[in-house]
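Asker: Here you go, one structure.
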Amino acid sequence: MTAEARARKTPRSSYRVAPERRVQPRRRRRRENRPVWEEAPSPLGAALKAAALVGIILAVAFPLYAVVLTSFSTQAETIRSGGLVVIPGELSAQAYIQILSGGVVTRAALVSVGITVVGTTISTVVSAMAAYGLSKPNSFGHRPILFVFIITMFFSAGIVPTYMVVSELGLINSYWALILPSAISTFNVLILRNFFMGIDKGIIEAARIDGASEWRILRRIVVPMSGAVLAVVALFYGVGYFNAFFNAVLYINDNAKWPLQLVLRSYVLQGATLPGSSGGAGNQAAGQVAGLPVKMAIVVLAIVPIMAVYPFVQRHFTKGVIFGAIKG
């Protein structure tokens, strides 16, 4: 009997699958080439991440909430709360009306905004030009100039020599004293330089063959392709200029030229009395809490400009820093 005939006579029920040949359900396991951090987190890991994020948000948002709420509270409410107001009570915008009508804070805010706009523009333009020159490895004096830039990150002349230079240049009590001494940041120049070095050399060579000068290449090709990193560098400079007060302490003697941060330091941290904000006997009875809504209103006005600008730059932040910091 042939094998085919035996197969026809054998009932199907007699067939058995060998135990080792039975199909087992495939277990989900991580791919060999997939990083661990790309795996879906476990329920415990997800809960811990959520708790950590909530804790960080509360640590940032709660003080800001207390400052804003106190600035909109009355002095009696701050006395009743013993300091910063956490639970809303009697609300009033009198603190903002008082400081904006007095002229001191308004003038200081305009000074800070003007210094920030002018200083950020000058610093970003000069940093971009310096970075473009340093991004050319075969340019004249490339290594010595780059060495001079880098060494300033670790060593500085000090306060006294810097003050003497500013004084000899006739910048004492001038707004330029708040801009020129800190106009260039080596860190920002290096970020821009690394980004410029990553731009395709073929595009620049094609423009150079077409007769474009280095200024035209920088203005028409390099700058438009570097919008993200330039926005981040401009944000760094802007925040630095707006929050700086030490240069004003050193170089500005006229109170009318004080920037907002110096006013904030004088009236909030040192407890000086804002013109027109003294409440007589009421403030004396309040002790250290006197004028707290006015002080918190100054704090709010000092942080609002940066908070208003940051959302427009935030989408460029990660891309600009990563591309500028890593040459690839």
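The values are calculated or read from the model by the stated rules, or taken from the named source; none is laboratory data. Note that the structure is predicted; figures quoted are calculated from it, not measured. Methodologically, a virtual Cβ is constructed for each residue, glycine included, from the backbone with ideal geometry; neighbour enumeration extends over all protein chains shown.
Asker: Identify, by number, the condition in (1) surrounded by 20 or more Cβ atoms within 10 Å (Cβ to Cβ); (2) of a type in the set (Ser, Thr, Tyr); (3) more than 28 Å from PHE245 (Cβ to Cβ) that SER139 doesn't meet.
Answerer: Answer for SER139: the failing condition is (1).
Asker: So, in the range 217-252, of the ones that are among the polar types (S, T, N, Q) and assigned to a helix (DSSP H, G or I), which residue ends up surrounded by the most Cβ atoms within 10 Å (Cβ to Cβ)?
Answerer: ASN247
Asker: Within the range 116-149, take every residue that is of a type in the set (Phe, Trp, Tyr) and without any contact (Cβ under 8 Å) to a residue 24 or more places away in the chain and give me the one that is nearest to MET225 (Cα to Cα).
Answerer: Checked the range 116-149; the qualifying residue nearest to MET225 (Cα to Cα) is PHE140.
Asker: OK, next. Hydrophobic (A, V, I, L, M, F, W, C) and within 12 Å of VAL300 (Cβ to Cβ): which single residue out of VAL85, VAL67 fits that description?
Answerer: Working: VAL85 fails: within 12 Å of VAL300 (Cβ to Cβ).
Just one listed residue meets the conditions, VAL67.
Asker: Pairs under 6 Å by beta carbon, first residue among the hydroxyl-bearing types (Ser, Thr, Tyr) in the range 255-266, partner surrounded by fewer than 22 Cβ atoms within 10 Å (Cβ to Cβ), six or more apart or different chains?
Answerer: Qualifying pairs under 6 Å: SER266/ALA272.
Asker: What are the residue pairs meeting all of these: first residue in the range 165-185, first residue without any contact (Cβ under 8 Å) to a residue 24 or more places away in the chain and more than 23 Å from ALA130 (Cβ to Cβ), second residue charged (D, E, K, R) and assigned to a helix (DSSP H, G or I), Cβ atoms under 8 Å, and 6 or more apart or on different chains?
Answerer: Once the first residue is without any contact (Cβ under 8 Å) to a residue 24 or more places away in the chain and more than 23 Å from ALA130 (Cβ to Cβ) and sits in the range 165-185, no partner that is charged (D, E, K, R) and assigned to a helix (DSSP H, G or I) comes close enough.
Asker: May I ask you to say which residue of SER266, SER185 is under 30 Å from MET164 (Cα atoms) and modelled with pLDDT under 85?
Answerer: SER266
Asker: Could you tell me how many of the residues in the range 177-201 are assigned to a helix (DSSP H, G or I) and under 15 Å from SER156 (Cα atoms)?
Answerer: 4
Asker: Determine whether ARG193 is closer than 15 Å to THR124 by Cβ, free of Cβ contacts under 8 Å to residues at least 40 places away in the same chain and surrounded by 13 or more Cβ atoms within 10 Å (Cβ to Cβ).
Answerer: no
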